[in-house]
1. Measure nothing but the geometry: give the 0 to 90° angle between the long axis through the Cα atoms of C:13-25 and the longest principal axis through the Cα atoms of chain C, rounded to 10°.
2. About the Cα centre of region C:92-250, how large is the charge dipole given +1 on each Lys and Arg Cβ and -1 on each Asp and Glu Cβ? Please answer in debye to the nearest 20.
3. Along the charge dipole of the protein assembly as shown, Cβ charges K/R +1 and D/E -1, which of B:LEU94, A:THR208, A:ALA10 sits furthest on the positive end?
4. Taking the 0 to 90 degree range and rounding to the nearest ten, how far is the long axis of helix B:43-53 tilted relative to the main principal axis of chain B, both from C-alpha atoms?
5. Quick check on the protein assembly as shown: of the DSSP beta bridges with both residues there, what percent are antiparallel, nearest 5%?
6. For region C:1-84, what does the alpha-carbon gyration tensor say about shape, rounded, prolate or oblate, given a ≥ b ≥ c as the root eigenvalues, a/c under 1.5 as rounded, and a/b over b/c as prolate?
7. Any idea of the total accessible area buried by the B-C contact, 1.4 Å probe, rounded to 100 Å²?
8. Taking only DSSP H segments of four or more residues, each worth -39500 (n - 2.57), what value at 222 nm results for the protein assembly as shown once the sum is divided by all its residues, to the nearest 500 deg cm²/dmol?
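The values are calculated or read from the model by the stated rules, or taken from the named source; none is laboratory data. Everything quoted here is computed from the prediction, not taken from an experiment. When we count neighbours, we look across all protein chains shown, and the Cβ atoms used for this are built from the backbone with ideal geometry, even at glycine. Just the protein is used for accessible areas: all its heavy atoms, side chains included, with ligands, DNA and RNA removed. Shrake-Rupley method; radii C 1.70, N 1.55, O 1.52, S 1.80 Å.
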Amino acid sequence: VIVFASDFGAGSEWVGVCHAVMATIAPQSRILDLTHTLPRFDVSGAGMILREALPYTPVSAAALVVDPGVGTERRAIVLRAARGDVLVGPDNGLLPLAAERIGGTAAAAVIDTARFQLPSTSTTFHARDVFCPVAARISSGTPFEELGTPIDVATLVRARPMLLEVGPGRIVCEATHVDGFGNVRLSARPESFAEAGLDGEEAVWVLTPSGELSAHRAPTFAALDSNRVGLILDSFGWFALCINRGSAADRLGVQRGSRIELRSRA
Amino acid sequence: VIVFASDFGAGSEWVGVCHAVMATIAPQSRILDLTHTLPRFDVSGAGMILREALPYTPVSAAALVVDPGVGTERRAIVLRAARGDVLVGPDNGLLPLAAERIGGTAAAAVIDTARFQLPSTSTTFHARDVFCPVAARISSGTPFEELGTPIDVATLVRARPMLLEVGPGRIVCEATHVDGFGNVRLSARPESFAEAGLDGEEAVWVLTPSGELSAHRAPTFAALDSNRVGLILDSFGWFALCINRGSAADRLGVQRGSRIELRSRA
Amino acid sequence: VIVFASDFGAGSEWVGVCHAVMATIAPQSRILDLTHTLPRFDVSGAGMILREALPYTPVSAAALVVDPGVGTERRAIVLRAARGDVLVGPDNGLLPLAAERIGGTAAAAVIDTARFQLPSTSTTFHARDVFCPVAARISSGTPFEELGTPIDVATLVRARPMLLEVGPGRIVCEATHVDGFGNVRLSARPESFAEAGLDGEEAVWVLTPSGELSAHRAPTFAALDSNRVGLILDSFGWFALCINRGSAADRLGVQRGSRIELRSRA
């Protein structure tokens, strides 16, 4: 299995060309498209989505591509996760974040591009020319040790940490993801609620850059008050602002990266 | 083969995570994505698309997911179609409608979720936690009888029937589907035209919520009058309002569910 | 491998139904979706994208579908490329253009639809009823000679040639493609720059239907001046107007087919 994820957009010919390259190098491989609608140019936002998704994949080679610095001096790297996966992509913070829930980063190396890239390499499409060819070689059996030069894991670029400040009756966090339905995932998990003493409260105040409102907690979308924003613990363990059969992001006027404050109503 | 369809949106990481779960449980399976742009939260609209599409698939296990009631008391079911397929999804009307053209519903059971779901089950993502794992088990050979407790087919929730009233020179129907090109599929087939006595007419009056016009019948898109809405018998046997190289839905201001009346011009 | 590309849209059930048809006829095949967001009804624009993408695929059967004339007298054809691929689609110019970089057209035939289509054929969905079934038969071993009646390659419909006029210090070209990021690919390659004597210039004037500006050349997106339109040689060897982390198409107000003039600033 080769896992493939990018910010190229659904149905893009860029995705198709990468499939073509991998099918040529590794005809027996199975390509698993995790998503191609990662938030564009946003390494932190994309990495957090990948971090939640990778625990569900089989152990695999994975080409993970959000690469605004393509063609510059940024390194092309492979990273071995403790679970056994090998992640391939740019050294911009994406891979260590993506690896967090599959055991974290066990080893890393700079790709020996002279050996493993396509014969002709562009300055703008390294998914096609470097990352996917290397992922295909890994799935065909090339061992991690032969992919390039080992580097100290401490030298890897790290993604911006997400905003999370917890005090008594108060959580300052951010919108880390707006999914296709308009649900707004926050950088807060149950342990932050417990720490802030918000655990027992049925509803919290939500302060966004464009206003504030009271949001009731609910176990399911259908249990939300009709046409009102509520707070759900989502299927990956994060709190999310949601509307039943509607877009909370549109209603609230928030987007990925928006600062969100949750406060006790007591 | 595992057929997979949902309203998650093209390129969504939700689709990718479900693929990952199925590839883990059933590594030898082939996943056939029928569509992931089913109309959101609309069980009838989605079911009618699936009903037309399933006759083209091989006999298969199919995870079919439009599930606004996820996490509530609604049942998780498997349904055996007379053709031999096993459909997996929520008991909200989607599955019996989807099964109509592959022989209809032969048997049904409530899934024994304690046995077949993922170890940890969310309240908001049963495609990942229940339906796709069960579809993967079916494709790996688990027999229908072992999936859960048989239920009377008569107890299954049914989707809203589509609007269709036929009188002399008159058909009252609805827009059941707007495809990506903006073609508007109606809930009328040739037999309704025959019944209404509209069969021989070259054009009919079309009354929509936002206006009326005369629509000529044509055998192909290219045969439509330039830049005018016409009536085509579409590739699944339904009449559709279409514009050559344009969006009839935009032109007419109609959407899925809009009431459409067709009348004789005589 | 069966390569499949269309203008049906990402996630469309039309794509899924074609997959279903191919999986039924050729269960052992691997379907490679090259793209389903080809520019709608635009044979030239779509063909130029396919031409750049096909060199990366393995030698294969390919169903290529942009077919505004579906159901009319336009022929359904197969075309053998010199590399060995067999392309299947409508005779509207798409296939010869798509074959240009995989050796060009070596032979062509009109499909014997009576033998190779689905039992029931619509007038509006030949991807499902003719092209994909034929591609599946090819991938299952049916030789080219048995697919239909040979025709003179000179009789094939040809796509509109793209605009390209080169004079001293001046290139008149067109926008041939706007990708998902908003990068605007031009119908100009390095040889046109050399011919026009623009090769050594760091920046050129760009005249579009809605204005003009100076665009610096840069080797990578990240090397572009912040928030300004620049000129990059893209990963397929074409010049493209780009903005780092933004949409040049939106900024310039240009779309596919827009006339673009490049002039020396000297």
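1. On a 0 to 90 degree scale, this one is about 40.
2. Values: 12 positive and 18 negative charges, 79 e Å.
With Lys and Arg at +1 and Asp and Glu at -1, about 380 debye.
3. Towards the positive end, the residue furthest out is A:THR208.
4. 90 degrees
5. Numbers: 129 of 171 bridges.
Approximately 75 percent, going by the DSSP bridge assignments.
6. Values: a/c = 1.34, a/b = 1.10, b/c = 1.22.
Taking the square roots of the gyration eigenvalues as a ≥ b ≥ c, region C:1-84 is rounded.
7. Working: alone 12040 and 12020 Å², together 21740 Å².
In total, chains B and C hide about 2300 Å² from solvent.
8. Numbers: 21 runs with 159 residues, N = 798.
For the protein assembly as shown, the value works out to -5000 deg cm²/dmol.
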